[in-house]
Amino acid sequence: MSRLPRTLCVVCLIALVTGGCASRTGGAPGTTAPPPQAPPTGEAEASLLERRIAAHMRFLASDALNGRGSGTRDEWIAATYIGAQLAALGVEPMGDDGWFVQEVGVQRFKAATPPVLTAGDRTYTRNTAFLVGAVAAARVSGSLQHFVAGTPVSSGAAVILPADTPMTAMSSLSGAALVLRKATAAQAGNWAQLTAQASEWLSTQVVGTLPSPPSGPTVLTLDAATHEAIIAMADGTSLRLDTELVAGDRTRTWNVVGRLTGTDPSASAEAVILSAHLDHLGVRSVGGDVSDTIYNGADDDASGVVAVIELARVLAGGPRPRRPVVFALFGSEESGGFGARYFVDRPVVPLTDIVADLQVEMIGRPDPKVPAGTLWLTGYERSTLGPQLAARGARLVQDPHPDQRFFERSDNIRFARRGVVAHTVSSFGLHGEYHQPSDEFRHVNIPHMRDAIASLVEPVRWLATTTEKPSWIEGKKP
Ligand SMILES: [Zn+2]
């Protein structure tokens, strides 16, 4: 198979516009060619695809959807819209009641009494001496370790950060049980309001799934006096955070799941998952600012959802791939990955029958860190998938922001931790709109999205048609 030119692939554009094209992989056995049709040419194709992308984005990132807050009715409406799109494309529903939307229960827990931090022989109380947004367990404990940049953190340690530690240091603390940081000046100035507004919900469990081990440390923000007292204690001092958790509200979140059956029955246990997350941060006001309270999440991750819808259009409309392809849009990624957690515990196909998951996140504009027209793949060096897709023309390179640990920061990690080769495609260039109300449609670069999606068509079609299976590189499986 020849490498595709590293320019905008016209074949892919035609496929995206007409819903069909000759397969570059030679066609799947047993399929009939779509009826001949004069495809629109050049600019017409590009503008049709752009128009569809813009239409989806206008809806998903609209103020009308209130930022698709995790577990909100707005998220549910977004899920329903996506299900309707997949239905119109002829994708087979795999959600509840013969439809695409899959409801997931989320049990929330609160503290019966304020959580207490014990450090040596002293005790401190939540919302007085410290803030905590979520606890990994009813008791979280560790031995005190003073953070020193460049020195590895002991697994299960209670790490205290010096006052001036940059937030980027957090990426090296994933093995810690507890992380203690000093409140910023802004937080200190706002302490009364922050403690008054602190959520009563401290822990969640996805209903119907096994309790999962904590995916990161429990992070405490200390007031100045508490920080000063604990940082003066010796390394090795015992710290523990005790929370008497009691069940409270049971809430819901929504996934969207659909499938294209492959043409080859012998490949039915070789599913390819194409995924994105459909939720974002919803409506919130930070520090009393009410000028714009809607976190539209145009780039994060309406852009990925649109990519999955448009890839579904091509795969459903063109020669059917040999392997089954599952389209999965997850709810509540932003609030703990609940939708994906449910999916991997209650998969619509057994996890052992999945050859790869490709998540699409934040392709709404180019990343200046990589060459124009290029996307990057989180954990590129961990498996054969990135190089395999690149060899089939995907303009995919290594993630240029390894310090951000993006491989662990999207739904793909839920699959990867269960052994499935799973990565995220992105072109997020660390722009200032990340997780801000200004992540809006007006900042989306539609031609970039068009080229990004078009560039994935043939590589994804190859993945869904080949007999090759991507695998982890020795020692690189998470
Ligand atoms: Zn995201």
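Read the figures in this text as sums done on the coordinates, not as results from a lab. Computed from a predicted structure; not experimentally measured. Note that we place each Cβ from the backbone using ideal geometry, even for glycine, and neighbour counts take in every protein chain shown.
Annotations
- When the alpha carbon gyration tensor of region 355-478 is reduced to an equivalent ellipsoid, its three semi-axes come out at 24, 17, 12 angstrom, largest first.
- Averaged over residues, the count of other Cβ atoms within 10 Å places the peptides 308-316, 468-476, 180-188 in the sequence 308-316, 180-188, 468-476, highest first.
- Calculated P(r) tail over 13 Å for region 394-446, as whole % of Cα pairs: 68 percent
- Span-like helix ranges in the chain, DSSP H, alpha carbon extent 20 angstrom or more, Kyte mean at least 1.6: 303-317
- In this structure, the amide hydrogen of residue 280, modeled 1.01 Å from its nitrogen in the peptide plane, lies closer than 5 angstrom to those of 69, 70, counting only residues at least 5 positions away or on a different chain.
- Eligible aspartates and glutamates near residue 182 by straight Cα distance, threshold 19 Å, same-chain separation 8 or greater: 164, 223, 228, 235
- Peptide ranges 332-338, 245-251, 371-377, 227-233 listed from the most packed, as the mean C-beta count within 10 angstrom indicates: 332-338, 371-377, 227-233, 245-251
- Region 220-245 and region 404-418 have Cα centres separated by 30 Å.
- Taken one residue at a time, the phi angles of region 276-281 give Karplus couplings (6.51, -1.76, 1.60, θ = phi - 60°) of 7, 10, 9, 8, 9, 8 Hz. Gly and Pro are set to x.
- DSSP beta bridges confined to region 113-243 are antiparallel in about 55 percent of cases.
- The alpha-carbon positions of region 290-391 define a convex hull whose volume is 164 Å³ per residue.
- Cross-link partners of residue 110 among aspartates and glutamates, defined as those whose alpha carbon lies under 18 angstrom from its own and excluding same-chain residues fewer than eight positions apart: 200, 242, 244, 249.
- If both residues of a DSSP beta bridge must be in the chain, then about 60% of such bridges are antiparallel.
- As an equivalent ellipsoid, the chain spans semi-axes of 42, 22, 21 angstrom, where each value is the square root of five times an eigenvalue of the C-alpha gyration tensor, largest first.
- Under the simplified labelling scheme, the residue 155-residue 196 pair shows an inter-label distance of 4.5 nm, with each label point 7 Å from Cα along Cα→Cβ.
- Region 191-233: proportion of alpha-carbon pairs further apart than 17 angstrom, %: 57 percent
- A P(r) calculated from all alpha carbon pairs of region 113-243, with 5 Å bins opening at zero, reads 2, 10, 22, 24, 21, 14, 5, 2, 0 percent.
- Average Cα contact separation per residue, region 113-243, under 8 Å, 6 or more apart, as relative contact order %: 42 percent
- Computed over the chain: relative contact order in percent, which uses C-alpha pairs under 8 Å that are six or more apart: 22 percent
- Counting only lysines at least 8 places from residue 369 when in the same chain, there are none with an alpha carbon closer than 23 Å to its own.
- Region 294-326 and region 129-168 have Cα centres lying 39 Å from one another.
- Magnitude of the charge dipole, region 113-243, Cβ model with Lys/Arg +1 and Asp/Glu -1, debye to 20: 140 debye
- Segments 115-128, 352-365, 422-435 sorted - mean Cβ within 10 Å per residue, highest first: 352-365, 422-435, 115-128
- Point-charge dipole on Cβ atoms (K/R +1, D/E -1) for the chain, about Cα centre, debye to 20: 900 debye
- Cα centre as origin, Lys/Arg/Asp/Glu Cβ charges: region 67-129 dipole, Debye: 520 debye
- For q = 0.17 Å⁻¹, Debye-computed log10 I/I(0) when each Cα of region 413-471 counts as one equal scatterer: -0.84
- Within the shell of other residues whose beta carbon sits under 13 angstrom from the beta carbon of residue 178, the net charge comes to +2, with Lys and Arg scored +1 and Asp and Glu -1.
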